[in-house]
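Below is one structure, written out as structure tokens; the observations come after it.
Please treat every number below as a calculation from the coordinates, not as lab data. Bear in mind the structure is a predicted one, so any value in this text is a computation, not a measurement. Quick reminder, even Gly has a Cβ in these numbers, built from the backbone with ideal geometry, and neighbours come from all protein chains shown.
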Amino acid sequence: MKITKVKHRGQVRYRVNDPHGPDGKRQRKFFDSRDAAENYVEERTADVHAFGVHFTTIPASERASLAYQLQRLASLGWTRYHRNVFGANAASLTWLSSQLPS
């Protein structure tokens, strides 16, 4: 991600070009200070390194739902091994969670 200093109507702002925005499309964000722009870039970069581009482009509400379902599976004794063996992806986790007792 690149931080660019821009001047709009006499006001200096900092623009961040995010090639993989939260919705999967290119996004431009504007900040009043360079520090705020750098903090945003650091957070987004850390998320991408930790979870990958594909996970970070999933909307936050769906990520929360996935995390909740994985937590439910873990409480029932499911491990990463089971997810790998059964090829659990987002659709299969949603179906599987609907089959679990509440």
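Rounded to whole numbers, the Karplus 3J(HN,Hα) couplings from phi for the stretch 60-70 are 4, 5, 6, 4, 5, 5, 4, 4, 4, 5, 5 Hz, using 6.51 cos²θ - 1.76 cosθ + 1.60 with θ = phi - 60°, and x at Gly and Pro.
Between Gln11 and Arg34, the simple label model (points 7 Å from Cα in the Cβ direction) yields a spacing of 2.0 nm.
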